[in-house]
Amino acid sequence: MQISIYQGSGPQAAADAVIVIDVIRAFTVAHYAFLQGAERIYLAQTIEQAFKIKEGNPDYLLAGEVHGEAIEGFDLENSPDQVARAHLYGKSLVQKTTNGVRAALNSLNSKHVFVTGFTNAEMTAKFIRRGMGEGLETIQIIASHPTGDDDLACAEYIRSLIKDDTSITKNQVRERIIRSEAAEKFLADSTIFRPEDITRCLKELDTDFVMKINQSGKIPMIERVHL
Ligand SMILES: O=C(O)[C@H](CS(=O)(=O)O)OP(=O)(O)O
Ligand SMILES: [Mg+2]
């Protein structure tokens with residue numbers, strides 16, 4: 001089994017399985033959305049596409065950001081703390097973000113595409129190792145932030161769990177997330193960015209599912225796959 005780590009959201013050659021990482025904050029948001037009862041999360045390349053999807057499905061909720069900030073007309077920000085408090089039971093979301101969603105949409109040339117932040121990293125690694133390990137020759141782990149160490153640390157953590165080595169610890173990952181450039185604006189004295197978002201990005205959650213992209217419909221969507 002060959003495991004390669006790439007940084008950035010650009011397309012890569014196809015692999016047997018791809019794990020797209022976005023710790024701050026897209027796929028931490030997705031994880032909390034499912035825990036709050038969301039059924040599915042459609043992925044939108046652009047704001048315009050997100051609004052177009054909502055035009056045909058007015059009960060869908062739009063979630064996302066531009067430069068990390070709220071989008072006028074969207075129902076939710078790209079904020080794990082806000083989503084963790086939302087009532088999303090039975091809801092469909094449409095997510096548009098700068099790094100994670102773009103990287104996921106650029107990975108659809110591969111059959112099995114998983115997404116996670118740090119919150120579901122261990123579960124995702126276990127699923128790959130146990131559930132699919134035997135059939136996978138090539139695995140790509142995409143650290144979606146182009147230069148940030150948050151996603152890279154999480155990618156190295158997942159690789160170590162799949163390979164069952166101890167090359168990086170949870171605490172080392174947490175330290176690198178806190179020190180990453182993507183975390184800076186949340187830990188500065190900001191009226192726009194919540195420090196609680198980073199707190200949520202750092203917390204591993206005990207859940208019995210992974211987040212996998214279903215490519216069978218017109219619009220790719222993240223759905224829960226139970227172990
Ligand atoms: O909203 C975020 O945290 C980031 C945007 S930025 O890198 O902070 O400008 O988007 P994401 O796609 O979740 O990395
Ligand atoms: Mg990010």
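Quick note: the coordinates plus some simple rules give every number you see, no bench work behind them. Keep in mind that what you see is a predicted model, and the values were worked out from it rather than measured. Note that each Cβ is placed from the backbone with ideal geometry, even for glycine, and that neighbours are counted across all protein chains shown.
Rounded to the nearest 20, the Cβ-based charge dipole of region 1-111 about its Cα centre (Lys and Arg +1, Asp and Glu -1) stands at 280 debye.
Each of I3, F118, H67 was scored by the projection of its Cα onto the charge dipole of region 2-226, and the greatest displacement toward the positive side belongs to I3; charges sit on the C-beta of Lys, Arg, Asp and Glu. Near T138, the amide H atoms lying under 5 Å from its own belong to Q2, D16, A17; only residues 5 or more places off or on other chains count, and H is placed 1.01 Å from N. Looking at region 1-91, the GluC sites (Glu not before Pro) that sit in a DSSP loop and have at most 11 other Cβ atoms within 10 Å of their own Cβ are E72. One Cα centroid belongs to region 107-138, the other to region 155-223; the line between them spans 14 Å. Available extension along the chain between S190 and E223 is 8.6 nm, counting 0.36 nm per residue and deducting the alpha carbon span.
Counting DSSP beta bridges with both partners in region 2-226, what percentage is antiparallel, nearest 5?
Working: 11 of 37 bridges.
About 30 percent, rounded to the nearest 5.
Work out the length of the dipole vector of region 2-226 about its Cα centre, built from +1 on the beta-carbon of each Lys and Arg and -1 on the beta-carbon of each Asp and Glu, and round it to the nearest 20 debye.
Details: 25 positive and 31 negative charges, 92 e Å.
Its charge dipole is roughly 440 debye.
What order do you get for M132, M221 when you list them from fewest to most C-beta neighbours inside 10 Å?
Values: M132 14, M221 20.
Neighbour counts put them in this order, fewest first: M132, M221.
Computed over the chain with a Gaussian network model linking Cα atoms closer than 10 Å, the most mobile of N120, N171, N106 is N171.
When the trypsin sites (Lys or Arg not before Pro) in region 68-163 are filtered for DSSP coil states and for at most 16 other beta-carbon atoms within 10 Å of their beta-carbon, the remaining sites are R85, K111, K163.
Cα centroid separation, region 70-88 to region 1-43: 18 Å.
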